[in-house]
Every structure is written in structure tokens, then in C-alpha cells.
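Below: the structure, in C-alpha cells.
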Amino acid sequence: MATGSRTLWKGAITFGLVHIPVGLHTASSEQGVDFDWLDKRSMDPVGYKRINKRTGKEIDKDNIVKGVEYEDGKYVIISPEEIEAVFPKTTQTIEIQRFIGANEMPFIFLERPYYVAPINKSDKVYALLRETLVATGKIGLAKVVIATKQHLAALVPSGPALVLNLLRWGDEVKTLDSLDLPASGKNGVSAAELKMAKQLVEEMSGPWDPEDFKDEFRLQVMKLVDKKAKAGEGKTVLEPQEEAPKSGEVIDLTALLQRSLKGGGKSGAKPPAKTPARKAAAKAAPAKKAAAQKKAA
């Protein structure tokens with residue numbers, strides 16, 4: 001089972017006037033077999049060239065522009081300045097927009113989970129939010145910007161942790177209109193058939209244990225890799241290491257919970273003014289923007 005890792009993002013959960021300083025940790029990992037391209041003569045990594053698909057010739061990056069296809073074969077060119085103007089602004093916040101019932105979220109919208117851990121002595125208010133969500137059976141719908149990309153996300157209590165699960169936007173999930181599906185309900189299903197089916201399901205039922213399920217293809221390939229490595233057939237390919245992005249400290253404002261209730265808990269309320277430490281972090285942010293853009297959320 002995948003375990004937590006270094007902090008990928010630092011910021012705060014916000015709702016009303018309350019800030020809960022937190023850090024994000026990856027909660028999943030891709031475990032498939034990654035076949036990299038290597039030059040067999042030198043064992044150097046093999047990259048991709050910029051090729052003109054019509055002429056087959058390699059072109060310089062200065063001659064590449066970004067275009068969006070709006071009709072078949074027709075594109076609109078968007079300049080770097082125009083792209084920068086509409087980039088989502090990085091706020092370092094998980095801004096809760098609404099609380100909904102946990103059973104209202106269709107699983108098809110779930111995309112990628114992150115563990116959320118308290119930082120800067122925010123354990124108490126973190127636990128308060130977690131236990132409140134458990135007691136009310138609610139989850140938080142939030143917006144968050146990670147590596148210059150805005151995401152819709154669900155903040156969900158899971159045991160001792162809060163999990164931020166990035167969601168697909170509504171227009172990214174296809175409807176069922178084009179599918180020929182049988183009508184819901186028991187029409188066309190006999191009582192005897194349903195009884196036997198229930199019995200079969202009951203016999204095959206058991207507790208959830210992720211250790212019971214393995215990627216057999218990956219295991220077999222990795223056994224082969226291990227065998228070849230022990231036989232001295234391994235080759236060294238050096239890859240550059242990158243540091244995790246950092247962010248400024250966010251102040252714990254638990255005391256504003258009552259004020260948030262009096263104000264109706266509106267998410268549009270402005271956070272308190274930045275402290276000198278936060279201003280300094282904000283000035284340092286542009287220097288780290290390039291590194292942050294390379295990080296996948």
C-alpha cells in the first residue's frame with residue numbers, strides 16, 4: 001500500500017474566516033512498469049524531438065506557437081502573454097466553497113487523492129474540522145491551485161486523516177444519454193434469479209484488504225529485472241534530483257470560528273492581513289514558480 005512522502009504543497013484550509021495550516025502529501029503512486037527509452041550504445045536517456053508532422057523535419061522551439069482547435073483543422077493562436085493573463089492566481093489555500101453530504105459525491109468524479117496533514121501547530125483546529133465532518137456526515141467541496149492549475153476537490157475525513165481528493169470538473173464527466181442501458185428497478189429480473197445472484201454475491205463477499213490484490217504483470221516484470229540486476233546486467237542512468245517547493249507560513253486563526261458563524265460562514269470573507277513573514281514568502285514565490293510548475297499534483 002502506498003505510503004506518505006515529503007510535503008508537496010503548503011498552505012491552509014479556509015472556510016469563513018478560519019485558516020488551518022496544512023501540507024499535502026501524495027496518497028497514491030503509479031506502480032505500472034515504466035519502460036524508458038535508452039540509447040543502447042551509451043545508455044543515455046532518449047528524448048522526443050519537435051517534428052513538423054507534415055514535412056517530417058525537426059523545428060526550432062522559437063518557431064512553435066500554441067494553438068487551440070475550435071473546428072476540425074482550424075486553430076486559434078494564443079500568445080504566452082494571453083495565457084499568463086488567465087492563469088489561475090496561486091493563493092496557497094484550500095478554499096472550501098460548500099459542505100455536502102458524503103453520500104452525494106458520485107465516485108466517477110474522484111480523480112487523485114492527497115493526504116492533508118496539519119503544520120505550524122494547527123493540530124487542534126485540524127482535529128476539530130475532521131471530527132465535525134465525521135459527526136455531520138459531510139465533506140467539503142473546495143477549490144485549490146496546485147502548480148498553476150486550478151482544481152475542484154473534496155475534503156474527506158478518513159480515519160485520523162483528512163484526504164483532499166481532486167475531482168473532475170462537471171463538464172469532464174460524460175452523461176449516460178448515449179448508452180443503451182436497461183431501466184433501473186427489478187423489471188425483467190425474476191425473484192428466483194435475484195435470490196441466486198444475492199447468494200453468489202454473499203458467498204464471494206469478504207473484508208476489504210488491498211494486500212489481496214496485486215498487479216501480476218508488474219510483479220513478473222520486476223522479478224525479471226531483479227534477476228538481471230543480480231546477474232550483473234544492470235546499467236546506470238543518472239537522473240537530476242529536484243527539491244520540493246516551499247511556501248510561506250500561514251497563521252492559525254481558530255479564534256475567528258465564532259466570528260465566521262456570526263457572519264454566516266461566507267467563503268468570500270477576506271483573510272487577515274499578511275504578517276511580515278508571509279510578505280517575505282510572497283516576495284520569494286516568483287523565484288520558485290518555475291520549480292513548482294514542474295511538480296505534478
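The values are calculated or read from the model by the stated rules, or taken from the named source; none is laboratory data. Here the structure is a predicted model, which means the values were calculated and not measured. We place every Cβ from the backbone using ideal geometry, glycine too, and count neighbours over all the protein chains shown. Keep in mind that these areas ignore ligands, DNA and RNA; they rest on the heavy atoms of the full protein, side chains included. Shrake-Rupley method; radii C 1.70, N 1.55, O 1.52, S 1.80 Å.
Before moving on, here are some points about what is shown:
- Remark: A153 matches the filter, which requires a residue to be in contact (Cβ under 8 Å) with a residue 24 or more places away in the chain and under 30 Å from A135 (Cα atoms).
- Candidate set: segment 77-88, residues that are among the β-branched types (V, I, T) and surrounded by 10 or more Cβ atoms within 10 Å (Cβ to Cβ); chosen: the one modelled with the lowest pLDDT: I83
- Contacts under 8 angstrom Cβ, first residue in segment 69-95 being within 20 Å of V144 (Cβ to Cβ) and of a type outside the set (S, T, N, Q), partner open to solvent by 90 Å² or more (accessible area, probe 1.4 Å) and assigned to a strand (DSSP E or B), 6 or more apart: P88/K149
- Positions within segment 15-50 being of a type in the set (V, I, T), modelled with pLDDT of 75 or more and over 18 Å from the mean Cα position of the chain (by Cα), in sequence order: I20
- Scope segment 11-26; condition of a type in the set (A, V, I, L, M) and open to solvent by 10 Å² or more (accessible area, probe 1.4 Å); matching residues: L17
- If you check T136, T148 for being over 17 Å from A12 (Cβ atoms) and touching a helix residue (DSSP H, G or I) at 6+ places or on another chain (Cβ under 7 Å), only one passes: T148.
- Any chance A192 is in a helix (DSSP H, G or I), modelled with pLDDT of 85 or more and open to solvent by less than 80 Å² (accessible area, probe 1.4 Å): yes
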